[in-house]
Amino acid sequence: MYYFKSLVDAVLPPRCPISGEIVDSQGMITAQAWKELAFIAAPYCRSCGFPFEFAVTEGGIQQCAGCLTDPPEFKTARSALVYNDASRDFILGFKHGDQTHSVVSMVPWLKNAGADLWRHEVDMIVPVPLHRWRLLRRRYNQAALMARAIAREMKIDFIADALLRTRPTPTQGHLNASERQKNVRAAFSINPRREVRDLKVVLVDDVFTTGATVKECVKALKAAGAAEVHILTLARVVRPEKF
């Protein structure tokens, strides 16, 4: 096995998924590319994980304005990275460029970002689903690859088909917040062959932009009786008006 890996690496050397430079092992990020990634760390909203610009004083409000005015149905949401030029290129290569090996890099980031989530004794990890026609075209669901990898790392059940996308929806990259919400409304349902009642679920996706997609998924999970739903994404848009 070792010699086979060495042969493969000699013919197709591992490359940094961001810069494309040759690296020592699969999933490794070059130092320059690492500098361009912006990892999310405290302080952040205790509900949705939106990073605060300044530390919250003791006894101060630990929720963002959005969660205070419109409390989310999910318990908590956490993301590893700020969505910027570096993370966007990384995610797009993973999502559309067949760079599925990039998931190796993501696992420790997701594990660390989800530290608050793992304390809730999670029962299962599920991905945001693709519609079957889009899955056929793309050949893989990037959220499912991420969810399976972190579930294996955390030794938590991975249920790939707990959620179903019941209708195809246009891509949302060009839509504003209200258009995104309308686009995915009632687009998800629980697989009747799966049981989520009274279970604590972590829902995994690649990017948290306005939250429209994950919120619709949460509605479906809660309607089916899920006790708690937590969100874990690789990145999140910090200033939605700029994207």
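Some notes on this structure:
- Residues in region 118-130 that are part of a loop (DSSP other than H, G, I, E, B) and free of Cβ contacts under 8 Å to residues at least 40 places away in the same chain: ARG119, LEU130.
- Filter result for ILE18 (in a loop (DSSP other than H, G, I, E, B), among the β-branched types (Val, Ile, Thr), in contact with a helix residue (DSSP H, G or I) (Cβ under 9 Å, 6 or more places away or on another chain) and under 27 Å from GLY211 (Cα atoms)): yes
- Count of region 76-110 residues, restricted to those that are farther than 24 Å from ARG46 by Cβ and either touching an Asp or Glu at 6+ places or on another chain (Cβ under 8 Å) or not in a helix (DSSP H, G or I) (or both), is 9.
- Within region 209-243, the set of residues being in contact with a strand residue (DSSP E or B) (Cβ under 6 Å, 6 or more places away or on another chain), within 19 Å of ALA38 (Cβ to Cβ) and modelled with pLDDT under 95 comprises just one member, VAL238.
- Selection within region 65-75 - assigned to a helix (DSSP H, G or I) and either closer than 14 Å to MET146 by Cα or of a type outside the set (A, V, I, L, M, F, W, C) (or both): GLY66, THR69
- From the list GLN99, GLN63, the one residue that fits, being closer than 29 Å to GLY27 by Cα, at pLDDT below 95 and of a type outside the set (A, V, I, L, M), is GLN99.
- Qualifying residue in region 164-177 (condition: basic (Lys, Arg) and either at pLDDT 95 or above or in a helix (DSSP H, G or I) (or both)): no
- Selected residue (only one of LEU163, LEU175 is buried (at least 17 other Cβ atoms within 10 Å of the Cβ) and free of Cβ contacts under 8 Å to residues at least 12 places away in the same chain): LEU175
- Here is the figure for region 184-229: residues that are within 23 Å of PHE90 (Cβ to Cβ), touching a Phe, Trp or Tyr at 6+ places or on another chain (Cβ under 8 Å) and assigned to a strand (DSSP E or B) total 3.
The values are calculated or read from the model by the stated rules, or taken from the named source; none is laboratory data. On a predicted model such as this, the values are computed, not experimentally measured, just so you know. Note that each Cβ is placed from the backbone with ideal geometry, even for glycine, and that neighbours are counted across all protein chains shown.
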